[in-house]
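The values are calculated or read from the model by the stated rules, or taken from the named source; none is laboratory data. As the structure is a prediction and not an experimental result, all values here were calculated from the model. Don't worry about glycine lacking a Cβ; one is built from the backbone with ideal geometry, like all the others, and counts go over all protein chains shown.
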Amino acid sequence: MIDTLSLRYIGAFTAVILASIGTGIGHGVAGIGSMKALSRQTLGGSQGFRAMILGLALSETGEILTLVLVILLLFSGPAPFLGGGFAELGIGIAMGLTSAFIGFASSMVVKSASIAIARQPFFSRKIITFMLLIQSIVEAPVIFAFLISLMIKAKVSETVSMYNGFMMLSAGIICGLGSIGPAIGQAIFASATCKAVGLNKRAYVKIFPFSLLSQAVIETPVIFSLLLAFALIYRAPSALPFMSIIAAISAVISMGIGSTGVGISIGRVAASACLEIAHNPDNYGKLFRTALASQALIESAVIYCLIIAIVLVNMF
């Protein structure tokens, strides 16, 4: 029989394991890529090593925040009712999934930056600055997941109902699922941006603003998932709780799948445009407009998913 403490420990275990797997694999990939880059070009060795250390330290953000929340879970005092246990399980899923995929995506940026430094050793300072700025934006979903987890934890009390517990569990799940697609898209795009700078440093002034704008667009599904999580956490009691829970599950599935497809697609489009800018910077204007138009049309899919999800959550 599942009890509250079991759900709390499963949530803590899930968060730690997922965050460690994603970040650990990412660090390994980044480290191997950095060593290969240094073996090809030793001229920028010290700057390449510096980029690796700084980048991998920043990619640890998710694991650190996960550790903080796991400590809060394990030392949160008496166990609440079963509904509170499901809510705490949602915290583990939200932080674990988000930290795993974002940690891997952030590490891929480090790998690409190291390769770019090997190609352009005298441009290493700007590449490192560029890498850290990109990583800071990539890490944003982890901050969102942390805030959602704190909100769920603040609402958990000894008397939280089973209905509210399932709503908060759903909020944690959509927070984690909603970060998967954008994280993969960010990994694809951020790797391409650093590669583009390494291919043509003269295109840096054009790649830089395009990268910031495209990263914001890629992370839009995360914002929409965050809005759905808010709606689930603050969902009013329903006269038909069973039907309301089914509707919430349907909303989470539709939003999670929609966010995954949109995040990956936008990342691929932006990555292709960024590499084309490096190869043909004189055609920047047309590439910029075409890429933004494509991203806007792709983005409409997740907007439709959000509308349907909100309707489902408030249907019963």
*Go through (1) part of a helix (DSSP H, G or I); (2) more than 17 Å from LEU169 (Cα to Cα); (3) touching a residue at least 12 places away in the same chain (Cβ under 8 Å) one by one and return the number of the condition ALA239 breaks.*
(1)
_Considering only residues that are at pLDDT 75 or above and part of a helix (DSSP H, G or I), which ones fall in segment 39-61?_
PHE49, ARG50, ALA51, MET52, ILE53, LEU54, GLY55, LEU56, ALA57, LEU58, THR61
_Odd one out for SER124 among (1) over 25 Å from ARG202 (Cα atoms); (2) small (Gly, Ala, Ser); (3) surrounded by fewer than 24 Cβ atoms within 10 Å (Cβ to Cβ)_ = (1)
*May I ask you to say which residue of ALA271, ALA291, ALA296 is modelled with pLDDT of 90 or more and under 26 Å from the mean Cα position of the chain (by Cα)?*
ALA271
*Take segment 266-316 and flag every residue that is of a type in the set (S, T, N, Q) and crowded, with 21+ Cβ neighbours inside 10 Å.*
GLN295
*Any residue in segment 252-261 that is within 26 Å of the chain's Cα centre (by Cα), of a type in the set (Ser, Thr, Tyr) and closer than 18 Å to MET315 by Cβ?*
yes
_Residues of segment 248-265 that turn out to be surrounded by fewer than 24 Cβ atoms within 10 Å (Cβ to Cβ) and among the hydrophobic types (A, V, I, L, M, F, W, C), as a count_ = 4
*State all residues of segment 131-185 that are crowded, with 24+ Cβ neighbours inside 10 Å, among the hydroxyl-bearing types (Ser, Thr, Tyr) and not in a helix (DSSP H, G or I); if no residue qualifies, say none.*
SER179
_Count of residues meeting criterion [more than 22 Å from the chain's Cα centre (by Cα) and closer than 18 Å to GLY33 by Cα] in segment 115-145_ = 9
_So the check is Cβ under 9 Å with 6+ separation or different chains; which pairs have a first residue in segment 140-155 that's touching a residue at least 24 places away in the same chain (Cβ under 8 Å) and a second one that's assigned to a helix (DSSP H, G or I) and acidic (Asp, Glu)?_
ILE152/GLU88; LYS153/GLU88
*asked:* Looking only at segment 253-286, how many residues end up being closer than 14 Å to PHE189 by Cβ and touching an Asp or Glu at 6+ places or on another chain (Cβ under 9 Å)?
replied: 3
*Go over the candidates ILE91, ILE102 one by one and state the one that is under 19 Å from the mean Cα position of the chain (by Cα), under 30 Å from VAL197 (Cα atoms), crowded, with 24+ Cβ neighbours inside 10 Å and not hydroxyl-bearing (Ser, Thr, Tyr).*
ILE102
